[in-house]
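Encoded as structure tokens, the structure appears first; notes follow it.
The values are calculated or read from the model by the stated rules, or taken from the named source; none is laboratory data. The structure presented is a predicted model; accordingly, all values stated were derived computationally and were not measured. FYI the Cβ positions are ideal-geometry reconstructions off the backbone, even for glycines, and counts take in every protein chain you see. Keep in mind that these areas ignore ligands, DNA and RNA; they rest on the heavy atoms of the full protein, side chains included. Shrake-Rupley method; radii C 1.70, N 1.55, O 1.52, S 1.80 Å.
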Amino acid sequence: MQESKLLITGGTIITPGPEPEVLRGAAVAVAGGAIHAVGAESALRREHPDAETVDASGRLILPGFINAHTHIYSALARGLSLPGAAPAAFPEILAGLWWRLDRALDEEMVRASAELAALDALTRGTTTLVDHHSSPSFIDGSLDVLAETLERAGVRASLCFEVSDRDGAAEAELAENLRFIAGRHTAMTGAMLGLHASFTLGERTLEACAAAAAEHRVGCHIHLAEDPVDDRESVKISGLPAAERLARAGILGPRSLVAHGVTLDESQTALLADTRTV
């Protein structure tokens, strides 16, 4: 089977790296779904005379963006109007919107949210999604539904399932992470181990997640310090602020990703730097 070739021409190319360049009169050659070369348009046309050409005149050509923390199912919340008074604080937003939505998700809704998220991403130049998924009513196989849908659309992803003690399904949620981690290793999709946040994780669940991440040599993807409630509840549970509790448990490290960090102080930020947590 002949390898498909594509030439993207006419646009202004911005290259990545520590010393990015702005290239005009250049083109990008794509072969077999991967970038083959970036160079003078005339030279690449001679080298690939049979390539399909895409004219990007008047546009920028640059590497795809990476969304480093998203909730694909949140696509279903767009324009959603909740009954009753508007939430006044972060815990009310979680209980009144997000936790109600994720409990309502079934297989069909998870697939639909992935289709919509893929469309949104690609039309805005985003080619990789680092997703933090939760669907307590549809756990087993949910990450496969996301992976298959995103791969079909041509979107790369790192996926995980959010482990939490709030719905009494932590063991099943951890099992879904481990099932997916064991079986999902493709050029398009990777896996992490997902945790909701320190304030919804008891000591036993947190320890089980840390042990599983260490055994399977994967990073953890977790919310941290999105609101002062994270530190307040962490101190009640463990006597430590959330970042220090996660560090003590072994959750932090160079493979792990923490999202938000809104209320981190200097010492907690330094702790993330010391552990090389992203």
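Against the test of being within 21 Å of Asp140 (Cα to Cα) and open to solvent by 70 Å² or more (accessible area, probe 1.4 Å), the options Ala208, Ala182, Ala172, Ala213 yield a single qualifying residue, Ala182.
Annotation: Gly253 fulfils all but one of (1) on the phi < 0 side of the Ramachandran plot; (2) assigned to a loop (DSSP other than H, G, I, E, B); the unmet one is (1). Among the residues making up the stretch 201-220, those that are under 20 Å from the mean Cα position of the chain (by Cα), of a type outside the set (A, V, I, L, M) and more than 15 Å from Arg248 (Cα to Cα) are His216, Arg217, Gly219. The residue of the stretch 227-250 that is farthest from the chain's Cα centre (by Cα), among those that are assigned to a loop (DSSP other than H, G, I, E, B) and over 18 Å from Glu266 (Cα atoms), is Gly239. Residues in the stretch 256-267 that are touching a Gly at 6+ places or on another chain (Cβ under 9 Å), part of a loop (DSSP other than H, G, I, E, B) and under 23 Å from Leu94 (Cα atoms): none.
Among all residues of the stretch 120-138, there is none that is among the hydroxyl-bearing types (Ser, Thr, Tyr), out of contact with any Lys or Arg (no Cβ under 7 Å at 6 or more places or on another chain), buried (at least 19 other Cβ atoms within 10 Å of the Cβ) and part of a helix (DSSP H, G or I). Of the residues making up the stretch 221-263, those that are among the acidic types (Asp, Glu) and farther than 18 Å from Ala208 by Cα are Glu226, Asp227, Asp230, Asp231, Glu233. With respect to (1) part of a helix (DSSP H, G or I); (2) loosely packed, with under 14 Cβ neighbours inside 10 Å, the lone exception for Ile93 is condition (2). Against the conditions (1) more than 30 Å from Asp231 (Cβ to Cβ); (2) of a type outside the set (Val, Ile, Thr); (3) over 27 Å from the mean Cα position of the chain (by Cα); (4) open to solvent by 70 Å² or more (accessible area, probe 1.4 Å), Ala88 satisfies every one except (1).
Would you please name the residue that is farthest from Leu240 (Cα to Cα), looking only at residues in the stretch 177-226 that are part of a helix (DSSP H, G or I), in contact with a helix residue (DSSP H, G or I) (Cβ under 6 Å, 6 or more places away or on another chain) and among the hydroxyl-bearing types (Ser, Thr, Tyr)? If we take residues in the stretch 177-226 being part of a helix (DSSP H, G or I), in contact with a helix residue (DSSP H, G or I) (Cβ under 6 Å, 6 or more places away or on another chain) and among the hydroxyl-bearing types (Ser, Thr, Tyr), then Thr205 is farthest from Leu240 (Cα to Cα).
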